[in-house]
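Visitor: Following this message is one structure expressed as structure tokens.
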Amino acid sequence: MYLTDRSAPAGAETERDRRHGPRPKVAPVVLVLGTVSLITDISSEMVTAVLPLYLVTTLGFSPLGFGALDGVYNGVSALVQLTGGHLADRVRNHKLIAGLGYGLSALCKPLLLLAGSIGALGTVLALDRTGKGLRTAPRDAMISLSTPTERQGRAFGIHRAMDTTGAMLGPLAAFLILSVAADGYDAVFGVSACVAVLGVVVLVLFVPGRRRGAAPESGGEPTAEAPETGAPGGRPPVRIREALALLRLPRLRALAGCAALLGLTTVSDAFVYLLLQRRASLDEGLFPLLPLGTAVVFLLLAVPLGALADRIGRHTVFLAGHAALLTAYGLLLWAPATPALPFAVLALHGLFYAATDGVLPAALSATVPEHLRASGLAIVGTSQALARFCCSLAFGAAWTVWGDGPALAGSAIGLLCCAALAGLVLRPRGETR
């Protein structure tokens, strides 16, 4: 099995270009969806930035208890991704399913004000992640279907850069609120809810309900404008069996398998920040700013690395990102606690996301047919998210039993082995990259 991610030759002229002129480098829908993600991520990251410290120091959760909640936070969205992707393909209205997901997450933010036990928090977080699971595949499908195959990496890079701008502003907003508000955590959750509603409004008003169709097998040149609810060529609604048949595609199986394998040893962001805070002896008041460092690097590198992946091969950039993460683990384990340590770890953490988050869905553009694009994205995304769910549970348990150092050392060794195996599976053969 191997991953094919060839791009069209530079300067290639399509029939559409000859008739209507060259296509814009970035489709408008990518920019609008990027704006929605920017606003929504401000809301989400405000909560994410303070949640680990809130649970561990304020509510007194153990690392195992936090690992269980963090696993729920990631695992539920993984399971729901398959539902969201299939529904979007079946009803052929990606905006509708994405909107339902954004709306559900917005509803959950004020409920955090009322949840004080592990059961209540787990329920609220599960509902919030249900919304994320519903929206992720339809949103990425809209980006993929509006972009030619040879520009997928750049398009996803631009979207992820805008998304990360929100991830950068969210922790900063949380930091400012905590510094001035008497009931800091409640204020963070309340403001987060208001910002989430704004993201839903922008989606409803400005994301078009119509899209350009793409050639089913290439995912490339648009052919006609049609409503998302229309059936191209009179195609019947997508059935679950048809979506699951995507697993027969060797390249999709390879990508999904490698994403899952690497996800099993990818320590969640929250644990990375907790480890860094302890390792560098940072003041608790600075904790909400740690995700900001990751977000800044992600923002700066997402577009350049997406474009680089289009040129040199998406599997190469994807694996290089995991090498950066492995280096960050090494610094947390063995580097001296100098003032430079937080900057180095956060820079490598941001590099990891810039090289993987948008590159992974871009790699599917030449593999999955148009009418099953959301389902294909959901299969790969679910395999990765479920693996990270398992990693959160295992890492929290290992930390509780053996301590943070041995737990991270085990993850680092596992990541090294899994990355080497993924390199063999995704190794280029013949003319592919």
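Visitor: Taking the condition at pLDDT below 85, farther than 20 Å from TYR353 by Cβ and of a type outside the set (Val, Ile, Thr), does GLY131 pass?
Guide: When the stated conditions are applied, GLY131 does not pass them.
Visitor: Another question about this same structure. Of the conditions (1) modelled with pLDDT under 85; (2) surrounded by 13 or more Cβ atoms within 10 Å (Cβ to Cβ); (3) under 25 Å from the mean Cα position of the chain (by Cα), ALA245 satisfies every one except a single condition; which number is it?
Guide: (2)
Visitor: Check LEU178, LEU172, LEU198 and return the single one that is over 17 Å from PRO52 (Cα atoms) and of a type outside the set (Phe, Trp, Tyr).
Guide: Step by step, each of LEU178, LEU172, LEU198 is checked, and only LEU198 is over 17 Å from PRO52 (Cα atoms) and of a type outside the set (Phe, Trp, Tyr).
Visitor: What tally of residues in segment 380-392 results from selecting those that are out of contact with any Leu (no Cβ under 6 Å at 6 or more places or on another chain) and either more than 18 Å from ALA412 (Cβ to Cβ) or charged (D, E, K, R) (or both)?
Guide: Number of matching residues: 7.
Visitor: Regarding GLY34, is this residue at pLDDT 70 or above, more than 14 Å from SER392 (Cβ to Cβ), not basic (Lys, Arg) and not in a helix (DSSP H, G or I)?
Guide: No; evaluated as a whole, the condition is false for this residue.
Visitor: I've got another one for you. Looking at LEU351, LEU325 in this structure, which one is closer than 15 Å to LEU415 by Cα, modelled with pLDDT of 95 or more and crowded, with 23+ Cβ neighbours inside 10 Å?
Guide: Being closer than 15 Å to LEU415 by Cα, modelled with pLDDT of 95 or more and crowded, with 23+ Cβ neighbours inside 10 Å holds for just one of LEU351, LEU325, which is LEU325.
Visitor: Can you find, within segment 248-274, the residue that is surrounded by the most Cβ atoms within 10 Å (Cβ to Cβ) among those that are aliphatic (A, V, I, L, M), within 19 Å of the chain's Cα centre (by Cα) and not in a helix (DSSP H, G or I)?
Guide: VAL267
Visitor: Does segment 302-332 hold any residues that are charged (D, E, K, R) and under 21 Å from LEU421 (Cβ atoms), and which are they?
Guide: Selection gives ARG314 alone.
Visitor: Name the pairs whose Cβ atoms lie under 9 Å apart, with the first residue in segment 198-209 and part of a loop (DSSP other than H, G, I, E, B), the second of a type in the set (Val, Ile, Thr), and 6 or more positions between them or separate chains?
Guide: VAL207/VAL29; VAL207/VAL32; VAL207/VAL36; PRO208/VAL29; PRO208/VAL32; GLY209/THR229
Visitor: How many of the residues making up segment 63-97 are among the acidic types (Asp, Glu) and either modelled with pLDDT of 85 or more or on the phi > 0 side of the Ramachandran plot (or both)?
Guide: The total comes to 1.
Visitor: I'd like the full set of residues that are out of contact with any Ser or Thr (no Cβ under 6 Å at 6 or more places or on another chain), farther than 15 Å from LEU308 by Cβ and not in a helix (DSSP H, G or I), limited to segment 348-383.
Guide: Within segment 348-383, LEU364, THR367, VAL368, PRO369 qualify.
Visitor: Continuing with the same structure: Would a scan of segment 402-411 turn up a residue that is surrounded by 19 or more Cβ atoms within 10 Å (Cβ to Cβ) and hydroxyl-bearing (Ser, Thr, Tyr)?
Guide: Yes - at least one qualifying residue is present in segment 402-411.
The values are calculated or read from the model by the stated rules, or taken from the named source; none is laboratory data. Here the structure is a predicted model, which is why all the values come from computation and not from measurement. No Cβ is skipped: glycine too gets one built from the backbone with ideal geometry, and neighbour counts run over all protein chains shown.
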